[in-house]
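Have a look at the structure below, then the notes.
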Amino acid sequence: TIKDILQRRYFIDEFIELYNENATSSGIRKLFSRLIDKVQPTDSVLIYYAGHGYLDKFNTGFWIPVDGGRDLDEQKFWISNTQIKNFVTMIKARSVALISDSCFSGDLLNVSRGATPRIDTAYFRNALKYTARQVLTSGASESVPDESEFARQFKAILENNTETS
């Protein structure tokens with residue numbers, strides 16, 4: 001449904017999708033590798049993950065791909081949020097938006113912050129020199145329902161957006 005809304009209402013020139021049996025640990029890593037190799041500095045990338053997540057006893061968050069297994073100690077084929085952050089950082093795009101609708105996805109965020117900077121013309125002039133990385137998650141470092149209220153609200157926002165830029 002999200003892809004359908006994006007195709008109808010937004011300008012996106014390429015979709016790369018992994019569903020079900022293709023959403024393996026290897027498939028996800030290969031996709032990130034492809035993005036790191038192919039995306040240009042003038043591109044923008046939207047990554048949407050809807051799946052399982054887990055926070056282990058060491059407070060490490062993970063995406064759990066279709067082949068992820070269930071052994072909490074082995075963590076076979078799990079992809080750590082640290083690795084996901086590294087992948088996103090390495091994509092050469094001008095902007096990357098990562099949307100993660102999974103349990104414990106809030107672990108992707110760095111919640112420590114410094115003092116609030118002065119927001120003025122110089123701030124924006126300086127900010128435009130850098131690339132942007134944004135993360136939107138369906139929850140903090142917590143469980144979220146499988147029937148995602150987050151996804152329902154996200155679809156509604158995309159569908160009802162009246163902004164033209």
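When you have a sec, figure out the Kirkwood radius of the chain from all distinct Cα pair distances and drop it here in Å to one decimal?
17.4 Å
The figure for Leu108 is an accessible area of roughly 10 square angstrom, using a 1.4 Å probe on the protein chains alone. In the chain, excluding the sites themselves, the longest stretch lacking any of the chymotrypsin sites (Phe, Trp or Tyr not before Pro) that are in a DSSP loop with at most 10 other Cβ atoms within 10 Å is 59-129.
Rounded to the nearest 20 debye, the dipole magnitude of region 1-142 is 720 debye, with +1 charges on Lys and Arg beta carbons, -1 on Asp and Glu beta carbons, and the Cα centre as origin. Calculated mean residue ellipticity at 222 nm for the chain: -9000 deg cm²/dmol, from DSSP H runs with n ≥ 4 weighted as -39500 (n - 2.57), summed, divided by the residue count and rounded to 500.
Spatially close Lys pairs in the chain, defined by Cα atoms under 22 Å apart and a spacing of eight or more places or different chains, total 15.
The values are calculated or read from the model by the stated rules, or taken from the named source; none is laboratory data. The shown structure was predicted, so the numbers you read here are calculated from the model rather than taken from an experiment. So basically every Cβ, Gly included, is an ideal-geometry build from the backbone, and we count neighbours across all protein chains shown. Protein only, heavy atoms only, side chains kept; ligands, DNA and RNA dropped before computing areas. Shrake-Rupley method; radii C 1.70, N 1.55, O 1.52, S 1.80 Å.
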